[in-house]
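Please read the structure below before turning to the comments.
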Amino acid sequence: MQRIALFALAAALASPAAAGDDDLKALREEVAQMKKAYEQRIEALEQRLAAAETHKEKSQPAQDGGSRAPAAAGGFNPEVSVILQGQYRRMKDVPERSITGYWPAGGHDHGGDERGFSVDSSELIVSANVNPYFRGLLNVALKNGEAEVEEAYFQTLGLGRGFTLKGGRFLSGIGYINEQHPHAWDFADAPLMMKALFGEHYGQDGLQLKWVAPTDLFMEFGAEIGRGAGFPGTDRNKNSAGASALFAHVGGDVGRSHAWRAGLSWLTTRAREREAHFEDLAANEVEGLFTGRSRTWIADFVWKWAPEGNPKQRNLKLQAELFRRTESGRFACDDPAGVSPTCAGTELGRLRSAQTGGYAQAVWQFMPQWRVGYRYDWLNAGSKRYDPATVFAALDPANAYFSSYRPKRHSLMLDWSQDEFSRLRLQFAQDKSMQGVTDNQVTLQYIMSLGAHGAHKF
Amino acid sequence: MRRLCLLFLLSIAWPAHAELRVFACEPEWAALAKELGGDKVSVYSATHALQDPHRIEARPSLIARARNARLVACTGAELEAGWLPPVLRESGNAGVQPGRPGYFEAAQFVVRLEVPTKIDRSEGDVHASGNPHIQLDPRNLLAVAAPLAQRMGELDAANAAFYAGRHNAFADRMRAAIARWEGEAAGLRGMRVIAQHKSFSYLFHWLGLVEAGTLEPKPGIEPGSAHLAQLIAQAKAQQAKLILRTPFDSPRPGEWLAERAGLRLVTLPFTVGGSERAQDLFGLFDDTIARLKGAP
């Protein structure tokens with residue numbers, strides 16, 4: 001339109017001033033006509049365009065929030081998910097629960113050892129690709145004013161040739177269940193073995209290098225070095241690594257309906273003055289201190305069955321892990337309160353132990369949404385070598401640690417999942433992990449996950 | 001340790017495989033890659049027709065296969081959100097990570113249906129990018145075949161012309177077949193059907209069938225008795241003719257409704273391998289249309 005106006009103006013200006021009025025009038029009329037013609041043509045074109053646009057909309061199905069609002073995680077859109085977990089639990093009132101014959105792992109737990117109603121820690125998980133080469137993940141457990149960093153690591157995406165490097169705080173790749181967070185467990189609590197070995201699970205602050213072999217049979221080898229502050233080690237304030245681990249996993253399918261994975265793992269770490277409560281000969285509470293090396297072997301095995309590989313209707317999961325832990329070092333006892341006549345920084349000589357145990361469980365989905373499971377936990381007292389004359393001159397031989405009792409537990413669970421985002425679980429357990437106590441426990445638990453779609457790990 | 005080092009050296013010295021190794025998430029992309037690649041590719045399908053592609057675990061075998069793949073060809077649109085990301089991360093294969101040339105998402109190349117305006121799990125397991133079951137509209141296969149052939153040519157430049165040639169032949173055959181199928185299915189236009197899950201939306205869109213309800217009250221939520229009871233009336237009011245299920249859906253809710261509402265329950269192959277006749281992409285549609293028309 002502007003162009004036409006300009007043209008008209010230019011034509012008017014360019015016409016010689018000497019031209020007669022008639023000429024000018026004719027010219028004006030001509031320009032006006034041209035203007036009108038152009039306007040009509042433009043209007044017609046606009047109408048055709050509009051018609052074409054509406055036609056296109058009709059012939060194409062409604063496109064497509066997808067491209068406008070990216071759904072998958074990206075640099076500006078991290079995956080965020082929250083796990084809500086809580087329970088009602090009925091069990092015996094036992095002050096200072098521990099596992100007879102085992103050095104108490106203390107420290108870390110997710111709750112669930114409380115009677116009555118309780119809320120387990122809520123997990124907040126944020127993850128995203130950092131750039132094309134790294135991915136990062138943060139997992140924070142929130143409970144009663146505390147926020148504990150469960151995992152905070154980066155992972156490489158671009159090393160290639162089957163290598164992946166992880167750095168930061170992560171759950172160690174040893175064994176099978178160790179890498180699972182509580183919401184992924186098939187039972188309301190951790191196996192006794194995991195409680196005895198690590199408190200609940202073993203986390204590393206360090207590095208993990210994994211390599212997947214270029215074979216159709218799955219073979220994965222991993223090595224970790226880390227700070228080693230967690231039980232069975234202690235924080236030892238030094239420059240070199242405090243713990244290292246090696247693991248290998250093998251797995252594959254058998255036909256369409258079966259899948260399996262087996263593994264062997266080894267963890268070595270050291271403890272300095274690792275504490276545990278003992279009683280001296282006069283029944284005063286004193287501290288037992290262990291300084292030395294701790295090595296753990298874990299063998300793990302998982303077998304899953306789903307008819308024709310479709311787990312929707314029915315499926316079965318068998319899972320077992322075995323361990324052997326050997327510790328060797330010096331034993332001492334101390335009495336910070338200064339009331340014990342026999343313990344005051346007293347050296348009690350060498351302490352060597354070798355302990356074994358494990359768990360085996362089966363979880364059967366007998367119809368959509370419903371699963372039933374059974375788990376058997378056992379621990380052997382194993383062998384402990386020390387000089388009884390020295391040790392029992394300071395400590396009461398009736399201390400649970402010196403017992404040759406064999407802890408056991410049976411657990412039976414039934415769970416119902418509306419879909420993969422919610423689960424309700426009822427669990428009965430007969431816990432004989434403490435000598436002289438048979439604790440029949442009932443747990444009613446909920447697990448809800450919201451936000452990003454969780455990973456279906458094997 | 002020495003053996004480990006040896007294995008490590010072996011892996012680096014491993015000869016590049018002559019054929020292009022393709023890891024397909026679903027059988028339809030495996031079939032398409034075979035159509036385009038012929039004997040120049042070796043194709044592994046991570047799932048088969050009796051598996052629900054939503055409900056797969058990151059099994060060790062999948063990680064091992066992804067480790068060696070040059071190309072990962074999947075649907076995308078969050079269909080594999082539960083299992084593909086961990087498989088790819090654990091594989092240690094840099095070339096097939098999202099964003100790399102070795103990672104191909106078919107759903108990017110088609111117009112997706114049922115893109116939700118509201119993304120909330122109260123609506124069930126909705127996919128923000130729309131319905132991901134795109135393979136039952138053969139026009140989508142044409143739309144995916146071109147970029148897939150091109151991608152295969154980029155990864156395996158020596159055979160790029162070969163893939164392009166096979167793509168042209170495939171596209172010609174597919175176009176002819178589409179015209180034939182559309183003719184055969186002309187009588188189905190406007191037929192009202194009930195689907196178990198939103199598995200067949202693209203098929204309905206293509207052939208002009210009308211979805212008169214779904215057995216699942218919301219995507220991913222198992223059919224409940226109250227919802228099924230309500231469906232009886234709905235099916236009658238809408239004059240629905242068929243109930244459609246995939247081979248991996250439970251037959252029970254469909255049988256229940258079929259009996260009470262006087263409908264026929266039909267199992268469609270859903271993907272390649274889903275029935276005896278559906279041995280390739282052409283057989284898939286031959287069989288689907290035959291079953292819809294009531295041939296045994």
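Counting, for every residue in B:65-73, the Cβ atoms of other protein chains within 10 Å of its Cβ and taking the mean gives 2.
In chain B the Cα-Cα distances spread across 10 Å bins starting at 0 as 6, 26, 32, 21, 10, 3, 1, 0 percent of all pairs.
In order along the stretch A:335-342, the Karplus-derived 3J(HN,Hα) couplings, from 6.51 cos²θ - 1.76 cosθ + 1.60 at θ = phi - 60°, round to 9, x, 6, x, 10, 7, x, 10 Hz, and Gly and Pro are given as x. Applying 1/(1 + (r/R0)^6) with r as the Cβ-Cβ distance of B:Glu19 and A:Phe117 and R0 = 56 angstrom yields a FRET efficiency of 0.40.
Max-minus-min Cα coordinates of the stretch B:19-179 on each principal axis give 49, 41, 29 Å, with the largest extent listed first. Applying both filters, DSSP loop and at most 16 other Cβ atoms within 10 Å, to the trypsin sites (Lys or Arg not before Pro) of the stretch A:135-192 gives A:Arg161. Summarising the label geometry, the points placed 7 Å from Cα in the beta-carbon direction at A:Ala26 and A:Ile225 lie 10.0 nm from one another. Applying 1/(1 + (r/R0)^6) with r as the Cβ-Cβ distance of A:Asn440 and B:Asp120 and R0 = 35 angstrom yields a FRET efficiency of 0.25.
Multiply the residue separation of A:Tyr38 and A:Leu217 by 0.36 nm, subtract the distance between their alpha-carbon atoms, and state the gained length in nm to one decimal. Could you put the intermediate results ahead of the total?
Values: separation 179, 0.36 × 179 = 64.44 nm, distance 7.40 nm.
Gain on stretching A:Tyr38 to A:Leu217: 57.0 nm.
Peptide B:76-89 has a mean shielding of 4, counted as Cβ atoms of other protein chains within 10 Å of each residue's Cβ. Extending 7 Å from Cα along the Cβ direction at A:Leu426 and again at B:Lys236 yields two label points whose distance is 3.7 nm. Considering only B:His227, B:His48, B:His133, the mean-square fluctuation computed in a Gaussian network model of chain B, springs between alpha carbons under 10 angstrom, is largest for B:His227. With the simple spin-label model, which puts each label point 7 Å out from Cα in the Cβ direction, the B:Ala186 to A:Ser244 separation comes to 7.7 nm. Dividing the summed -39500 (n - 2.57) terms of all DSSP H runs of n ≥ 4 by the residue count of chain A sets its mean residue ellipticity at 222 nm at -5000 deg cm²/dmol. Sequence neighbours fewer than 8 away in the same chain don't count; with that in mind, list the lysines whose C-alpha is under 27 Å from A:Lys35. Cα-Cα hits under 27 Å: A:Lys25.
How high is the FRET efficiency between A:Asp419 and A:Ala283 when r is their beta carbon distance and R₀ equals 56 Å, given to the nearest 0.05?
On the way: r = 55 Å, r/R0 = 0.97.
Efficiency at R0 = 56 Å is approximately 0.55.
For A:Tyr88 and A:Leu142, compute 0.36 nm times the residue count separating them, minus their Cα-Cα distance, and round to one decimal in nm. Walk me through the intermediate numbers first.
Details: separation 54, 0.36 × 54 = 19.44 nm, distance 1.87 nm.
Additional length available on full extension: 17.6 nm.
Compared with the dominant Cα axis of chain A, that is its longest principal axis, helix A:21-59 is turned about 30°. Net length available on complete extension from A:Asn131 to A:Phe154 is 7.2 nm, with 0.36 nm assigned per residue and the Cα-Cα distance removed.
Using DSSP, restrict attention to beta bridges with both residues in the protein assembly as shown and report what percent are antiparallel, rounded to the nearest 5. Working shown, then result.
Details: 181 of 203 bridges.
In the protein assembly as shown, approximately 90 percent of DSSP beta bridges are antiparallel ones.
All of the numbers you see were taken from the coordinates with simple rules; none came from a lab. Only a predicted model underlies this, so the values are computations on that prediction, with no experimental measurement involved. Here Cβ is always computed from backbone atoms with ideal geometry, including for glycine, and neighbour counts include all displayed protein chains.
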